[in-house]
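Peer 1: Before I ask anything, here is the structure I am working with.
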Amino acid sequence: MKLFAAIAALVAAAPAGAAQRFAVIAGNDEGGHGRARLWFAERDAERMAAAVQELGDFTEKNVVVLRGKSADDVRAAIAALDGRILQAKAAGERTLLFFYYSGHAGASGLELGDSRLRYDELRGLVNASPADTRVAVVDACDAGRLTQTKGASFAATVDFALPADEVEGTAFIASSAAGEAAQESAAIGGSFFTHHFELGLRGAADTDGDGQVTLAEAFRYTAVRTTSGTAATQAGPQHPSYDIRMSGRGDVVLADLRRAEATLRLPPDAHATFILRGPRNLLAEIPGSPEPLALALPVGKYTVERRAPEGHATADVELARAEVRELPALTPTRYERARQKGGPAPLIAFAGGGITAVPLAGFGVAPALRAGVRKELGDLGLRLQAEVARKDVTDQPLRYTFWSASGAAALVMPLVDGPVFLEGGVLGGYTVASQGIAGTSYTGSGPIAGGVLQGTMRFGRLRLGLDLQAEARFFRLNDAAVVRPGASLSLVALFSP
């Protein structure tokens, strides 16, 4: 709680019209030699500039946007504002300087192309500004792959020389803790930190519902959402850090939602998440709140999706300039079961029991167990199966114990596709059989060849049916090669392993 108490003690910007606000906003996709080009750093800067001009009482003439510029350009831009800030203070106006950077960084400082701006120099530049209140936000980047890793190291406690007056000071906000990676994502089209910071300014961070977003609210919301959003990435969770050196009372208001081009009010819905897709490549994932939540949005067409454990629902909304639209409660529907459209079917396993007939005098049929798998190969299916059988046989005057084990492969194809699915094909394999008579065993083996036919119907999550196999068995009998017919019938269950 010390963090938020410190932020809450930030100097209050005077009411709109009684303050002058100045900003230097920089983004550079390029870093030093060997750095991979970032995807979204310059876009992050553009979106941040648009948000503070729309919502933060920053006039266009007071916002300097640097895209792809050097460290010298940043130094010059900050210094160039000093005269205008002093002029505003001389006229009795409160002044605020807002600095924002997105791009590469190394252990010693920001990397803007081949140029460098050391952290201590940046702190000195910001702290030396004559503005009453100074807020510096750094989202510093390195290179990565699908989720870009922006490997910067920040000190969580940065020493600023604080002024003695009671309502002055500096806040330094970093997108990650010391030694941590900051990240950007192709899925959200920007940096995790800046993405959530902008959404916070647009109302997602307005927890007290007063229509204003303070620095404390923006940091709290951004820190939580950034950490949770990066928890499952390859680089791991990212923890925004801060250094607050302020005196006085109040808070810095960064966004006034009444200045929005348009407003969409979300209903109270604490157990849902709202996903918005709209103009300017805006993609927002907003956790629901127990209280109504107002979002300050650009005009245009939006698709709003509500996701909750009980289902999801969508609505299309078009916002006109100065319009305040209430999003109606969205009635959830069950999630659709996603499945592959086309392509090979999954691996199918089957198992069951039945009877088998063996070409021996007086044998009849024996109980058998059958199991196997089926894999689709284009228009055909490949079956691999095994079967075992055992029986005590009485063949006057002989009494013996019989067992057999066989393995086979079959190529099958669909014959009937409907409520009853029927397929058939040819098979080949090998069998081993044994007769035990008065403590002596006689074992023989040989190949089998034949056909298979299987018909099944769906019962709940399983398919049940009959599996029929008929084959010719090749073996030696009395030192002669013979062929005997055989057959088996099993009740089988099919399932995906």
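The values are calculated or read from the model by the stated rules, or taken from the named source; none is laboratory data. What you see is a predicted model, and the numbers here were worked out from it, not measured in a lab. Please note: Cβ atoms are built from the backbone with ideal geometry, for glycine as well, and neighbour counts cover all protein chains shown. Side chains are part of the model used for accessible areas, which takes the heavy atoms of the whole protein and leaves out ligands, DNA and RNA. Shrake-Rupley method; radii C 1.70, N 1.55, O 1.52, S 1.80 Å.
Peer 1: List the number of the failed condition for GLY32; all other conditions in (1) buried (at least 20 other Cβ atoms within 10 Å of the Cβ); (2) touching an Asp or Glu at 6+ places or on another chain (Cβ under 7 Å); (3) modelled with pLDDT under 95 hold.
Peer 2: (1)
Peer 1: Any residue in the range 437-448 that is closer than 19 Å to VAL483 by Cβ sitting within a Cβ distance under 6 Å of a residue that is hydrophobic (A, V, I, L, M, F, W, C)? List the pairs, counting only those 6 or more apart or interchain.
Peer 2: These pairs meet every condition: GLY444/ALA433; GLY444/PHE475; SER445/VAL432; GLY446/PHE474; GLY446/PHE475; PRO447/PHE474.
Peer 1: Determine which member of the set VAL412, VAL358 is in contact with an Asp or Glu (Cβ under 7 Å, 6 or more places away or on another chain) and surrounded by 15 or more Cβ atoms within 10 Å (Cβ to Cβ).
Peer 2: Working: VAL358 fails: in contact with an Asp or Glu (Cβ under 7 Å, 6 or more places away or on another chain).
Step by step, each of VAL412, VAL358 is checked, and only VAL412 is in contact with an Asp or Glu (Cβ under 7 Å, 6 or more places away or on another chain) and surrounded by 15 or more Cβ atoms within 10 Å (Cβ to Cβ).
Matching residues to (1) open to solvent by 20 Å² or more (accessible area, probe 1.4 Å); (2) at positive phi; (3) within 22 Å of the chain's Cα centre (by Cα):
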position	(1), (2), (3)
GLY189	no, yes, yes
LEU199	no, no, yes
THR233	yes, no, yes
ARG265	yes, no, no
ILE275	yes, no, yes
ASN281	yes, yes, yes
GLU285	yes, no, yes
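Peer 1: Any idea which of ARG399, ARG390 is part of a strand (DSSP E or B) and surrounded by 14 or more Cβ atoms within 10 Å (Cβ to Cβ)?
Peer 2: Numbers: ARG399 fails: surrounded by 14 or more Cβ atoms within 10 Å (Cβ to Cβ).
Being part of a strand (DSSP E or B) and surrounded by 14 or more Cβ atoms within 10 Å (Cβ to Cβ) holds for just one of ARG399, ARG390, which is ARG390.
Peer 1: Of all residues in the range 56-104, how many are free of Cβ contacts under 8 Å to residues at least 60 places away in the same chain and outside any helix (DSSP H, G or I)?
Peer 2: Qualifying residue count, the range 56-104: 12.
Peer 1: While we're looking at this one, here's another question. Could you grab me the full set of residues in the range 205-216 that are touching a Leu at 6+ places or on another chain (Cβ under 7 Å) and buried (at least 23 other Cβ atoms within 10 Å of the Cβ)?
Peer 2: Of everything in the range 205-216, those that are touching a Leu at 6+ places or on another chain (Cβ under 7 Å) and buried (at least 23 other Cβ atoms within 10 Å of the Cβ) turn out to be ASP206, VAL213, THR214, LEU215.
Peer 1: Can you find even one residue in the range 322-334 that is at pLDDT 85 or above, of a type in the set (Ser, Thr, Tyr) and open to solvent by less than 90 Å² (accessible area, probe 1.4 Å)? Quick ask: steps written out before the conclusion?
Peer 2: Kept after step one, since they are at pLDDT 85 or above, are these residues of the range 322-334: 322-327.
Now restrict to residues that are of a type in the set (Ser, Thr, Tyr): none.
The answer is no, given that none of the residues of the range 322-334 is at pLDDT 85 or above, of a type in the set (Ser, Thr, Tyr) and open to solvent by less than 90 Å² (accessible area, probe 1.4 Å).
Peer 1: Within the range 480-490, can one find any residue that is within 22 Å of LEU380 (Cα to Cα), exposed (fewer than 15 other Cβ atoms within 10 Å of the Cβ), of a type in the set (Val, Ile, Thr) and without any contact (Cβ under 8 Å) to a residue 40 or more places away in the chain?
Peer 2: no
Peer 1: In this structure, is PHE219 surrounded by 18 or more Cβ atoms within 10 Å (Cβ to Cβ), touching a Phe, Trp or Tyr at 6+ places or on another chain (Cβ under 9 Å), modelled with pLDDT of 80 or more and not acidic (Asp, Glu)?
Peer 2: For PHE219, the condition - surrounded by 18 or more Cβ atoms within 10 Å (Cβ to Cβ), touching a Phe, Trp or Tyr at 6+ places or on another chain (Cβ under 9 Å), modelled with pLDDT of 80 or more and not acidic (Asp, Glu) - is met.
Peer 1: Another question, then. Given the conditions (1) more than 18 Å from LEU55 (Cβ to Cβ); (2) touching a Lys or Arg at 6+ places or on another chain (Cβ under 8 Å); (3) open to solvent by 30 Å² or more (accessible area, probe 1.4 Å); (4) modelled with pLDDT of 90 or more, report the number of the one that THR314 does not fulfil.
Peer 2: Condition (4) is where THR314 drops out.
Rundown of residues vs (1) among the hydroxyl-bearing types (Ser, Thr, Tyr); (2) within 24 Å of the chain's Cα centre (by Cα); (3) open to solvent by less than 10 Å² (accessible area, probe 1.4 Å), yes/no style:
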{"residue": "ARG225", "(1), (2), (3)": "no, yes, no"}
{"residue": "TYR242", "(1), (2), (3)": "yes, no, no"}
{"residue": "VAL253", "(1), (2), (3)": "no, no, no"}
{"residue": "ALA262", "(1), (2), (3)": "no, no, yes"}
{"residue": "PRO268", "(1), (2), (3)": "no, no, no"}
{"residue": "ALA272", "(1), (2), (3)": "no, yes, yes"}
{"residue": "GLY278", "(1), (2), (3)": "no, yes, no"}
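Peer 1: Name, by its number, the condition in (1) in a strand (DSSP E or B); (2) of a type in the set (A, V, I, L, M, F, W, C); (3) open to solvent by less than 50 Å² (accessible area, probe 1.4 Å) that does not hold for PHE363.
Peer 2: Checking PHE363 against (1) in a strand (DSSP E or B); (2) of a type in the set (A, V, I, L, M, F, W, C); (3) open to solvent by less than 50 Å² (accessible area, probe 1.4 Å), the one that fails is (1).
Peer 1: Does any residue in the range 208-229 that is of a type in the set (Lys, Arg) come within less than 7 Å, Cβ to Cβ, of a residue that is surrounded by fewer than 24 Cβ atoms within 10 Å (Cβ to Cβ) six or more places away or on a different chain, and which pairs are these?
Peer 2: ARG220/PHE4
Peer 1: Then there's this: Checking the conditions here, which among ASP72, ASP114 is farther than 26 Å from ALA255 by Cα and either of a type in the set (Ser, Thr, Tyr) or modelled with pLDDT of 95 or more (or both)?
Peer 2: On inspection, the qualifying residue turns out to be ASP72.
Peer 1: Select the strands (runs of 3 or more DSSP E) contained entirely in the range 407-497, then report the ones holding at least 3 residues which are at pLDDT below 80.
Peer 2: Values: elements: 421-437, 440-459, 462-477, 480-495.
The qualifying strands (runs of 3 or more DSSP E) are 440-459, 462-477, 480-495.
Peer 1: List the pairs whose first member sits in the range 384-401 and is farther than 15 Å from GLY439 by Cβ, whose second member is open to solvent by 50 Å² or more (accessible area, probe 1.4 Å) and at pLDDT below 85, and whose Cβ atoms are under 6 Å apart, counting only residues at least 6 apart or on separate chains?
Peer 2: The qualifying pairs are ASP395/ALA361; ASP395/GLY362.
Peer 1: Open to solvent by less than 80 Å² (accessible area, probe 1.4 Å) and touching a residue at least 40 places away in the same chain (Cβ under 8 Å), is that true of ASP467?
Peer 2: Numbers: open to solvent by less than 80 Å² (accessible area, probe 1.4 Å): yes; touching a residue at least 40 places away in the same chain (Cβ under 8 Å): yes.
Here the answer is yes, as ASP467 does meet what is asked.
Peer 1: Let me ask something additional. Looking at this structure, is PRO292 more than 23 Å from GLY27 (Cα to Cα) and open to solvent by 50 Å² or more (accessible area, probe 1.4 Å)? Reasoning before the result, please.
Peer 2: Numbers: more than 23 Å from GLY27 (Cα to Cα): yes; open to solvent by 50 Å² or more (accessible area, probe 1.4 Å): yes.
So PRO292 passes the test.
Peer 1: From (1) of a type in the set (A, V, I, L, M); (2) modelled with pLDDT under 75; (3) open to solvent by 40 Å² or more (accessible area, probe 1.4 Å), pick out the condition that doesn't hold for MET246.
Peer 2: (3)
Peer 1: Next question. Where residues in the range 173-187 are of a type in the set (A, V, I, L, M, F, W, C) and at pLDDT below 85, which of them is most open to solvent (accessible area, probe 1.4 Å)?
Peer 2: Among those that are of a type in the set (A, V, I, L, M, F, W, C) and at pLDDT below 85, it is ALA187.
Peer 1: Out of the range 106-143, which residues are within 31 Å of the chain's Cα centre (by Cα) and in a loop (DSSP other than H, G, I, E, B)?
Peer 2: Of the residues in the range 106-143, the ones within 31 Å of the chain's Cα centre (by Cα) are 106-107, 109-113, 136-143.
If the condition is that a residue be within 31 Å of the chain's Cα centre (by Cα) and in a loop (DSSP other than H, G, I, E, B), then GLY106, ALA107, GLY113, ASP142, ALA143 are the ones that fit.
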